[in-house]
Amino acid sequence: MGEPIVSEIRVISFGLGPIGSEVARVAASKSNMRLVGAVDIDPSKVGRTVEEVTGAPSEVIVSSSLEEALQNTEADLILHTTSSFLEVVKPQIESAIEKGLSVVSTCEELSYPWRTYPGLATELDMKAKEANVRILGTGVNPGFVMDAFPLTVTTVCQKVDRIHIERVVDAGGRRLQLQRKVGAGLTVEEFRQLVATGNVRHVGLPESAWMIIDAMGWECKDFEESIEPIVAEREILAAIGNIQPGQVAGVRQTIRAYGRDIEKLVLDLKMYVGADEPVDHIQIWGIPDLDLRFDGGVHGDRATASIVVNAASVLMNLPPGLRTMLDVMPLRFRS
């Protein structure tokens with residue numbers, strides 16, 4: 001085989017929260033990557049070394065902006081971990097594009113924005129192509145467990161009629177930010193009020209649904225989405241505060257997509273404190289039927305950091321533009 005187009009990738013870690021710090025640690029361990037910069041807006045982190053902030057073995061000093069980070073170095077790509085929302089991260093990504101940098105981001109809405117934000121997606125795609133850089137949104141979910149990986153599994157199928165994916169996550173073993181995001185500790189009324197304003201939900205599930213629908217070529221014009229509380233039946237000890245019976249332990253978010261009035265896709269996500277049996281369960285009906293089950297589930301934070309860093313190596317060898325995990329993992333069933 002020939003040598004890869006990019007043998008060493010000079011990366012900047014942009015965002016050094018819990019996920020960003022894990023990304024920096026993974027990137028620092030890679031033989032084909034060199035951490036040349038780091039960015040965070042937290043004053044307590046700026047001016048310190050990456051090792052002091054994240055534990056990654058690097059003497060790189062954390063900067064307060066991308067411009068500052070690039071003053072004394074050159075880079076190829078940023079590993080971006082700041083927000084779930086595309087409209088929030090768009091200026092940050094555009095700034096990277098203007099500086100000739102490719103981007104791998106954990107922004108959930110960037111994972112497959114062609115259906116949910118077609119205007120912004122087209123704009124970013126055009127700018128990336130003009131600058132000869134590549135943009136990708138990915139992570140464990142969206143980006144892998146409930147979309148890209150099941151699609152890759154369909155490679156062995158001659159026919160795919162229906163896909164059902166269940167993910168159960170024990171939020172009690174995850175960071176406090178996630179526990180708050182799933183509504184842990186709220187009353188049911190508070191939960192429903194926050195769902196109505198979009199403040200309690202898993203960002204990115206619609207993107208996963210559209211990725212699968214488009215990859216399969218199914219004629220699904222829209223889908224049904226429900227967001228319901230999972231209510232504690234017993235007291236649950238949690239870092240966010242003990243959850244009493246009747247309070248919300250987390251969220252169940254479900255998407256059902258239909259083609260010609262036939263159910264084609266179900267994405268069933270349960271994220272709650274005290275989940276007894278975390279699991280990732282993929283069922284595919286077709287020729288042949290397939291049933292894959294990962295007892296214990298894939299740990300979200302660790303997997304996200306690994307996916308972001310590992311995808312970067314593939315991304316740099318793809319054509320310029322806004323890419324998705326369909327480009328990174330292209331092998332799948334095609335009708």
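Filtering the range 278-299 to residues that are within 30 Å of S102 (Cβ to Cβ) and either loosely packed, with under 14 Cβ neighbours inside 10 Å or among the acidic types (D, E) (or both) leaves only D280. What residue, of S84, S13, S21, S63, is more than 23 Å from the chain's Cα centre (by Cα), assigned by TED's automatic domain parsing to the domain that holds I307 and small (G, A, S)? Every option except S63 fails the conditions. What about L77, is it surrounded by 18 or more Cβ atoms within 10 Å (Cβ to Cβ), aliphatic (A, V, I, L, M) and out of contact with any Asp or Glu (no Cβ under 8 Å at 6 or more places or on another chain)? Judged against the criteria, L77 is a match. The residues listed here are S31, S65, S7, S44; of these, the one that is modelled with pLDDT under 95, surrounded by fewer than 18 Cβ atoms within 10 Å (Cβ to Cβ) and among the small types (G, A, S) is S7.
Quickly run through the range 300-326 and pick out the residues that are touching a residue at least 60 places away in the same chain (Cβ under 8 Å), in a helix (DSSP H, G or I) and surrounded by fewer than 19 Cβ atoms within 10 Å (Cβ to Cβ).
D301, R302, A303, S306, S313, L326
Hey, any hits in the range 249-262 for a residue that's crowded, with 19+ Cβ neighbours inside 10 Å, touching a residue at least 60 places away in the same chain (Cβ under 8 Å), small (G, A, S) and not in a loop (DSSP other than H, G, I, E, B)? Reasoning before the result, please.
In the first step, residues of the range 249-262 are kept if they are crowded, with 19+ Cβ neighbours inside 10 Å; the result is 249-251, 253, 255, 257.
Checking the rest, the ones that are also touching a residue at least 60 places away in the same chain (Cβ under 8 Å) come to 249-251.
Pick out the ones that are also small (G, A, S) and you get 249-250.
Checking the rest, the ones that are also not in a loop (DSSP other than H, G, I, E, B) come to 249-250.
Checked against the condition, which is being crowded, with 19+ Cβ neighbours inside 10 Å, touching a residue at least 60 places away in the same chain (Cβ under 8 Å), small (G, A, S) and not in a loop (DSSP other than H, G, I, E, B), the range 249-262 yields at least one hit.
Summed over the range 155-193, the residues that are crowded, with 24+ Cβ neighbours inside 10 Å, in contact with a Leu (Cβ under 9 Å, 6 or more places away or on another chain) and of a type outside the set (A, V, I, L, M, F, W, C) give a count of 2. Could you tell me which residue of the range 219-232 is surrounded by the fewest Cβ atoms within 10 Å (Cβ to Cβ), considering only residues that are assigned to a loop (DSSP other than H, G, I, E, B) and at pLDDT below 95? Checking each candidate, the answer is K221.
The values are calculated or read from the model by the stated rules, or taken from the named source; none is laboratory data. The structure displayed is predicted, hence computed values, not measured ones. Counting neighbours? That spans all protein chains shown, and the Cβs are built from the backbone with ideal geometry, glycine included.
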